[in-house]
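Working notes for the structure below.
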Amino acid sequence: METSYETIIIGGGVVGSSIAYHLSERNKEGIVVLDKKFPLSGTSGSTQAWVWVHNKTPSWYAEFSMYSAELYPYLSKKIGDVEYKRTGGLSPFFSELDREKAERLAEAYEPIGIKIKVLSREEALEKEPSLNPDIVGATYSSIDGNVNPFRLVDRYMRAAKKNGVQYSTYNKVTEIQKLPGKFIVRAEKGRFECKNLVLAGGTWSRELGKLVEVTIPINQLRGQILVTEPLKPFLNYTISSLRQAFNGEVLIGYSMEEEGFNRATTLDVIQETANMAIHYVPSLRKAKVVRAFSGIRAMPEDGFPILGKIPGVENLYVAAMHSGVTLSPLVGTLMTELILDGETSIPIDRYSISRFA
């Protein structure tokens, strides 16, 4: 493998691979992706993989997510079937207080063009008869859906490789040196040089930042997910905290635990998750759980993406965020514009790492 490149991307998950693919559409040579393990062995392969817009606050973050969700149908045509399904999203609520919050959210979203319906109990049950009849109502957005994360990352990688991108996997980066006009990246399997360096290491972003003496304030949050046996299709929508996959399995879970890189599953959270599922969809009481798994989410300290140039270091970029599956089409597009054109079609100033300075 040659060692001199135009751009090195560290991290081959859904965000890094999207950047590699979108960059390769316009710049057919000189891109390598370095990954400490193999893409999909980390966060991107252990997710519910919602493409989720509604419920995100404040409204400017929901708007950013909406732009990305809107790119999915076109992306699927370009890179191949990723089992993207725009099911629409339902978020049930069980109190009148939550209805008031939902109505305020719908009002806040109206000026940016995200249509949220606040449904009555009857309307919600008409859409999703399996929901608990004790609900008070639900919010509904037609733009939400889900995707197969394995197909998504695999298709990004295949399309990127077709455009000449190289992947160097099981190759942990150990040292980064900044020299005039270039970076020297030392990894377990060799030494690499580049003009542009993109840090897209997800949960490992803080550790990568230390190699260039930059603090990237990303923490780890463990999320545990239950998977049921395949059931005949009965859920029409993606519901906040659970969804039914193409093969009939129901994926359930939305725990957030501060456990570092510990990917164990725990009985207490498994029980809480099962109880939550039954509370939302009582018929799941009869379903068999066939496995539980956990993933580590990358969570910026303020919850919002860290995106763009790193101030003070020429040609050094960062892309680190929660909701990488939702945001990957847009982030790949915008990072490509930033690297090749020096500016983006949608402003990303509010996502700059400089906000933490």
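The values are calculated or read from the model by the stated rules, or taken from the named source; none is laboratory data. This one's a predicted model, so the numbers in the text were calculated from it and none came from an experiment. Cβ sites come from the backbone with ideal geometry, for glycine too, and all protein chains shown count toward neighbours. All accessible areas refer to the heavy atoms of the entire protein, side chains included, with ligands and DNA or RNA removed. Shrake-Rupley method; radii C 1.70, N 1.55, O 1.52, S 1.80 Å.
Residue by residue through the range 225-236, what is 3J(HN,Hα) from phi via Karplus (6.51 cos²θ - 1.76 cosθ + 1.60, θ = phi - 60°)? Round to whole Hz and write x for glycine and proline.
Result, rounded to whole Hz: 10, 9, 10, 8, 4, x, 10, 4, x, 9, 9, 7.
Taking all protein chains as present, what is the carbon and sulfur share of the accessible area of the range 104-201, in % to the nearest whole number, probe 1.4 Å?
Carbon and sulfur together cover 47 percent of it.
How many nm separate the modelled label positions at TYR67 and GLU257, each set 7 Å beyond the Cα in the direction of the Cβ?
It is 3.7 nm.
Taking the inverse of the average 1/r across all pairs of different Cα atoms in the range 80-157, what Kirkwood radius in Å do you get? Please report the intermediate quantities before stating the final value.
On the way: mean 1/r = 0.0715 Å⁻¹.
Radius from the Kirkwood sum: 14.0 Å.
So for the chain, averaging the separation of alpha carbon pairs under 8 Å that are six or more residues apart and normalising by length, what relative contact order in percent results? Each step should come with its number before you reach the end.
Values: 784 pairs, mean separation 85.1, N = 357.
RCO, the chain: 24 percent.
What residue among ALA274, ALA20, ALA49 has the largest mean-square fluctuation in a Gaussian network model of the chain, using Cα springs under 10 Å?
Greatest mean-square fluctuation among the candidates belongs to ALA274.
For the range 106-167, what does the relative contact order come out to in percent, with C-alpha contacts under 8 Å and a separation of six or more?
About 27 percent, as a whole number.
Tell me, in nm to one decimal, what length is gained between LEU97 and LYS162 on full extension, where the rule is 0.36 nm per residue of separation less the Cα-Cα distance?
Length gained, LEU97 through LYS162: 18.2 nm.
In degrees, nearest 10, range 0 to 90: what is the angle between the Cα axis of helix 59-79 and the longest Cα principal axis of the chain?
Here the helix axis deviates by roughly 80 degrees.
With every protein chain kept in place and ligands, DNA and RNA left out, what is the accessible area per residue of the chain? Probe 1.4 Å, answer in Å².
44
Go through LYS36/LYS210; LYS78/LYS232; LYS85/LYS127; LYS101/LYS127; LYS117/LYS232; LYS210/LYS309 and tell me which ones have a Cα-Cα distance over 26 Å in this structure.
The answer is LYS78/LYS232; LYS117/LYS232.
Output the 0 to 90 degree angle, nearest 10, between the alpha-carbon long axis of helix 324-341 and the longest principal axis computed from the alpha carbons of the chain.
Between helix and principal axis, roughly 30 degrees.
How large is the translational diffusion coefficient of the range 253-357 in µm² per second when you combine the Kirkwood radius over alpha carbon pairs with Stokes-Einstein at 25 °C and 0.890 mPa s? Provide the component values of the computation, followed by the final result.
Working: Rh = 16.8 Å.
Answer, rounded: 146 µm²/s.
Straight-line reach from LYS162: which aspartates and glutamates fall under 20 Å, measuring Cα to Cα and dropping same-chain residues less than 8 apart?
Hits, sequence-local ones excluded: GLU2, GLU6, GLU25, GLU29, ASP35, ASP81, ASP154.
Ranked from highest to lowest mean number of other Cβ atoms within 10 Å per residue, what is the order of the peptides 243-251, 155-163, 308-316, 338-346?
155-163, 243-251, 308-316, 338-346
Could you give each residue of the range 180-185 its phi-based ³J(HN,Hα) in whole Hz, using Karplus coefficients 6.51, -1.76, 1.60 with θ = phi - 60°, and x for Gly or Pro?
Karplus values, whole Hz, x for Gly and Pro: x, x, 7, 10, 10, 10.
Go through the range 110-116 residue by residue and turn each phi into a ³J(HN,Hα) via Karplus (6.51, -1.76, 1.60, θ = phi - 60°); whole Hz please, and just put x for glycine and proline.
With coefficients 6.51, -1.76 and 1.60, one gets 4, x, 9, x, 9, 8, 10 Hz.
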